[in-house]
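Down below is the structure, laid out as structure tokens.
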Amino acid sequence: MSDYLETLDGFEKTLPSNWYLDSDIFELEREHIFMREWLCVGREEQFPNSGDCKVLDIYGESILLVRNNTGSMRSFYNVCRHRGAQLCPSESESDQSGLLRGGLAGGKAFVCPYHAWTYDLDGQLQRAPHLDESLGLEVEKVKLHPVGCETWGGFIFLNLSPEAAPPFSSHIAEIDERYQRYPLESLVIGKTIEYEVNANWKVLCENYNECYHCGPVHPELCQVVPAFRKNGGANLDWERGVPHREGANTFTMSGTTQRTPFPGLNEDELNRHKGDLLYPNLFISLAADHVAVFILTAITAHKTKIECHFLFEEKEINSPQFDPSDTVDFWHLINQQDWAICERVQKGMASRVHNFGILSPMEDWNLDLRRYVKNRIGSYIESTQ
């Protein structure tokens with residue numbers, strides 16, 4: 001006997017439930033999405049000076065991210081080309097209580113702790129002790145394995161398969177045009193909150209992609225943006241932005257703030273909320289005075305880490321009166337509501353009776369996510385069935 005919901009006109013199915021639960025499918029996503037797509041990993045202002053470097057763990061790969069001597073961001077696999085030793089320890093490693101030398105030497109070069117092969121901040125081998133051309137080694141032909149590294153609007157994006165990476169320009173083309181009046185590049189982080197949510201990364205994306213849930217889950221938000229609950233959040237105009245209620249122009253409990261709007265915004269941008277999901281791991285929500293940024297890292301099929309950065313103009317942050325709590329506290333409430341309902345969804349999908357969900361017409365944006373994921377791993381799953 002067929003399920004009524006399977007034949008309901010005007011309603012699409014979600015991905016099958018096991019795509020949110022199965023560790024083997026998560027491994028396919030790791031290999032064919034997270035290892036091949038452009039991932040947002042942070043902001044340029046987190047690297048203010050040449051030689052500033054972080055060691056990132058990106059889906060099991062140790063990655064160096066550094067600002068080079070000309071001020072550009074560069075990224076490499078944290079692997080010496082000689083014998084494979086990691087050049088720099090991760091932030092979580094004690095490096096055997098300082099027993100090993102090497103690493104980032106004086107902010108000028110990467111030195112392997114094993115045999116002291118030395119690379120500049122562009123990944124070029126500069127020195128291999130006791131080896132020269134007479135022994136057949138031409139150092140100018142040796143570089144660290146590169147990671148694709150691009151910046152846009154102050155955000156840093158990496159691609160772990162640069163030889164096959166899609167053009168970065170096409171990755172950000174739509175939002176580049178849509179947000180050209182927002183001063184994204186010059187904004188700086190005023191506050192960061194980190195979350196760990198017991199839900200699949202796709203559940204979080206689907207939740208961000210629709211506002212059918214906003215009325216039941218976010219009553220405080222809907223007081224500021226009534227359009228989020230009107231007709232179940234249907235027909236929201238994300239191109240122009242979604243209007244705040246009369247007298248409101250930002251995301252705070254009152255809908256107002258003492259901070260001045262960004263200069264150069266048009267009338268819609270001064271009074272409407274905008275947002276975008278840049279697959280696979282960046283949510284951007286824009287108000288007239290701040291931007292909230294969510295950077296996702298899928299830990300397992302059941303767990304996702306989220307870094308939430310709140311961006312403001314530098315002049316606001318430098319003001320003695322700067323207090324972001326009106327925005328941060330409001331967003332924190334919304335976030336906690338979202339994470340709680342996403343965890344409920346993750347638990348419910350694990351039931352033996354749940355094989356798929358349905359997408360109402362108000363949730364049609366999630367067809368994009370379904371298509372995005374299927375296009376990248378669908379054929380691999382079909383080949384094993």
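The values are calculated or read from the model by the stated rules, or taken from the named source; none is laboratory data. Quick caveat, the model's predicted, so the values are computed rather than measured. A quick note on method: Cβ atoms are made from the backbone with ideal geometry, for glycine too, and the neighbour counts reach across all protein chains shown.
Against the numbered list (1) touching a Leu at 6+ places or on another chain (Cβ under 6 Å); (2) surrounded by fewer than 18 Cβ atoms within 10 Å (Cβ to Cβ); (3) assigned by TED's automatic domain parsing to the domain that holds LEU359, TYR208 comes up short only at (2).
State yes or no: is LEU277 surrounded by 16 or more Cβ atoms within 10 Å (Cβ to Cβ), among the hydrophobic types (A, V, I, L, M, F, W, C), over 22 Å from ASN198 (Cβ atoms) and not assigned by TED's automatic domain parsing to the domain that holds PHE157?
no
Hey, can you tell me all the residues within the stretch 371-385 that are surrounded by 14 or more Cβ atoms within 10 Å (Cβ to Cβ) and of a type outside the set (Phe, Trp, Tyr)? VAL373, LYS374, ARG376, ILE377, GLY378, ILE381 - these are the residues of the stretch 371-385 that are surrounded by 14 or more Cβ atoms within 10 Å (Cβ to Cβ) and of a type outside the set (Phe, Trp, Tyr).
Only one entry in ARG81, ARG30, ARG43 is under 23 Å from LYS143 (Cβ atoms) and not small (Gly, Ala, Ser), namely ARG81.
The residues of the stretch 330-368 that are touching a Ser or Thr at 6+ places or on another chain (Cβ under 9 Å) and among the aliphatic types (A, V, I, L, M), listed by number, are MET349, ALA350, ILE358, LEU359.
Take the conditions acidic (Asp, Glu), farther than 30 Å from PHE312 by Cα and buried (at least 16 other Cβ atoms within 10 Å of the Cβ) and apply them to ASP120. Does it pass? Criteria met by ASP120. One residue alone among THR192, THR151 is in the same structural domain as ILE63 (by TED's automatic domain parsing), surrounded by fewer than 17 Cβ atoms within 10 Å (Cβ to Cβ), closer than 19 Å to ILE295 by Cα and of a type outside the set (D, E, K, R), and that residue is THR151. Taking the stretch 334-370 as the range and being basic (Lys, Arg) and surrounded by fewer than 17 Cβ atoms within 10 Å (Cβ to Cβ) as the test, the residues that pass are ARG344, LYS347, ARG352.
Within the stretch 311-324, is there a residue that is within 21 Å of LEU158 (Cα to Cα), surrounded by 14 or more Cβ atoms within 10 Å (Cβ to Cβ) and either outside the structural domain of SER254 (by TED's automatic domain parsing) or at pLDDT 95 or above (or both)?
yes
The number of residues in the stretch 211-245 being surrounded by 15 or more Cβ atoms within 10 Å (Cβ to Cβ) and of a type in the set (S, T, N, Q) comes to 1. When LEU5, LEU15 are screened for being part of a loop (DSSP other than H, G, I, E, B), over 27 Å from VAL142 (Cβ atoms) and aliphatic (A, V, I, L, M), only LEU15 passes. ALA165 satisfies every condition listed in (1) closer than 20 Å to PRO324 by Cα; (2) touching a Gly at 6+ places or on another chain (Cβ under 6 Å); (3) of a type in the set (Gly, Ala, Ser) except (1). Sort out which residues of the stretch 182-208 are within 24 Å of ASN266 (Cα to Cα) and β-branched (Val, Ile, Thr), and write them in order of number. Selection gives VAL188, ILE189. If you check SER90, SER23, SER17, SER62 for being of a type in the set (Gly, Ala, Ser), under 27 Å from HIS302 (Cβ atoms) and either assigned by TED's automatic domain parsing to the domain that holds TYR279 or in contact with a His (Cβ under 7 Å, 6 or more places away or on another chain) (or both), only one passes: SER17. Checked against (1) within 30 Å of ARG352 (Cα to Cα); (2) touching a helix residue (DSSP H, G or I) at 6+ places or on another chain (Cβ under 8 Å); (3) not β-branched (Val, Ile, Thr), PRO16 passes all but condition (2). Meeting the requirement of 1 or more residues that are under 19 Å from the mean Cα position of the chain (by Cα) and within 27 Å of TYR20 (Cβ to Cβ), the helices (runs of 4 or more DSSP H) wholly within the stretch 168-255 are 168-171, 173-178, 201-208. Only a single criterion out of (1) in contact (Cβ under 8 Å) with a residue 24 or more places away in the chain; (2) surrounded by fewer than 18 Cβ atoms within 10 Å (Cβ to Cβ) is not satisfied by ASP24, namely (1).
Any idea which of SER254, SER170 is over 29 Å from GLU316 (Cα atoms) and exposed (fewer than 13 other Cβ atoms within 10 Å of the Cβ)? Write out each step before concluding.
On the way: SER254 fails: over 29 Å from GLU316 (Cα atoms).
Among SER254, SER170, only SER170 is over 29 Å from GLU316 (Cα atoms) and exposed (fewer than 13 other Cβ atoms within 10 Å of the Cβ).
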